[in-house]
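Take a look at the structure below.
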Amino acid sequence: MTSTPEQPTTAVPFSRIKICTGALVFCGDEVALIRRDRADSTHYTPPDGNVEHSEDLDDALARELHEELGLDITQAEAGGLLWVVDQRVTRPGPTPPPRRLHLLYRLHIAEDIRATLAEHEYDELPDGSREVGVIDWINHRKTADLPIFPPIGPALAALTNPCAPITNAALDAVSDDN
């Protein structure tokens, strides 16, 4: 019997799916966005993060909001799922990128709760250092041209008010082309 070495399998881009959960946390007309200032750019993100293996979506959302804003989700008024963004963006490196589904919820908090929240968010980087994000409260109508990822600025600015109903939760997909 002849033995042959196994052929290495080539992983296909987007063959794995990662789910990210986050929230647009409103206080009046303002929404909490995390500003990340880098040497060559500035961008914003809503408080969000990956859902861990076997973690419930609600638990993941509560964990992320506590980690990034210091918000106890029970202190917020839930507004339900607002948008879903499908992301298929390639990246350099040996590991093929996953497809990411961003589930963005809408929450509302009162001024007294906002006063207790974090002003900075700290992300641990692979090398052990930390990146500091600044929590900015921005009028949602002024987000259309902000560099927000996922790219929700135009949809966010188009809301007539923070409680406005939406007709389609699926926003445009994100790919290398856009």
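Using the structure shown, decide if Asp112 is modelled with pLDDT of 95 or more, within 18 Å of the chain's Cα centre (by Cα), exposed (fewer than 12 other Cβ atoms within 10 Å of the Cβ) and not in a strand (DSSP E or B). No. In this structure, Glu131 qualifies as under 28 Å from Asp176 (Cα atoms), open to solvent by 30 Å² or more (accessible area, probe 1.4 Å), touching a strand residue (DSSP E or B) at 6+ places or on another chain (Cβ under 6 Å) and acidic (Asp, Glu). Scanning the range 60-109 for residues that are at positive phi and aromatic (Phe, Trp, Tyr) turns up nothing. Checked against (1) in contact with a strand residue (DSSP E or B) (Cβ under 7 Å, 6 or more places away or on another chain); (2) open to solvent by less than 60 Å² (accessible area, probe 1.4 Å), Leu159 meets all criteria but (1). Checked against (1) within 18 Å of Asp40 (Cα to Cα); (2) in a helix (DSSP H, G or I), Gly133 meets all criteria but (2).
Does Leu101 qualify as being within 14 Å of the chain's Cα centre (by Cα) and either surrounded by 14 or more Cβ atoms within 10 Å (Cβ to Cβ) or more than 15 Å from Asp29 (Cβ to Cβ) (or both)? Even if it seems obvious, please write down each step before you answer.
Values: within 14 Å of the chain's Cα centre (by Cα): yes; either surrounded by 14 or more Cβ atoms within 10 Å (Cβ to Cβ) or more than 15 Å from Asp29 (Cβ to Cβ) (or both): yes.
For Leu101, the condition - within 14 Å of the chain's Cα centre (by Cα) and either surrounded by 14 or more Cβ atoms within 10 Å (Cβ to Cβ) or more than 15 Å from Asp29 (Cβ to Cβ) (or both) - is met.
Just to be sure before I move on: is Glu55 free of Cβ contacts under 8 Å to residues at least 60 places away in the same chain and part of a loop (DSSP other than H, G, I, E, B) in the structure I sent? Yes, satisfied. The residue of the range 31-50 that is least open to solvent (accessible area, probe 1.4 Å), among those that are closer than 15 Å to Ile152 by Cα and of a type in the set (D, E, K, R), is Asp48.
Pairs linking a residue in the range 100-121 that is over 22 Å from Asn161 (Cα atoms) and free of Cβ contacts under 8 Å to residues at least 60 places away in the same chain to a residue that is open to solvent by 60 Å² or more (accessible area, probe 1.4 Å) and in a strand (DSSP E or B), with Cβ atoms under 7 Å and 6 or more positions apart or on different chains, are His120/Val132.
The values are calculated or read from the model by the stated rules, or taken from the named source; none is laboratory data. Source: prediction; values computed, not measured. Positions of Cβ are generated from backbone atoms using ideal geometry, with glycine treated the same way; all protein chains shown enter the neighbour counts. Each accessible area value is taken on the protein alone, full model and side chains, heavy atoms only, with ligands, DNA and RNA left out. Shrake-Rupley method; radii C 1.70, N 1.55, O 1.52, S 1.80 Å.
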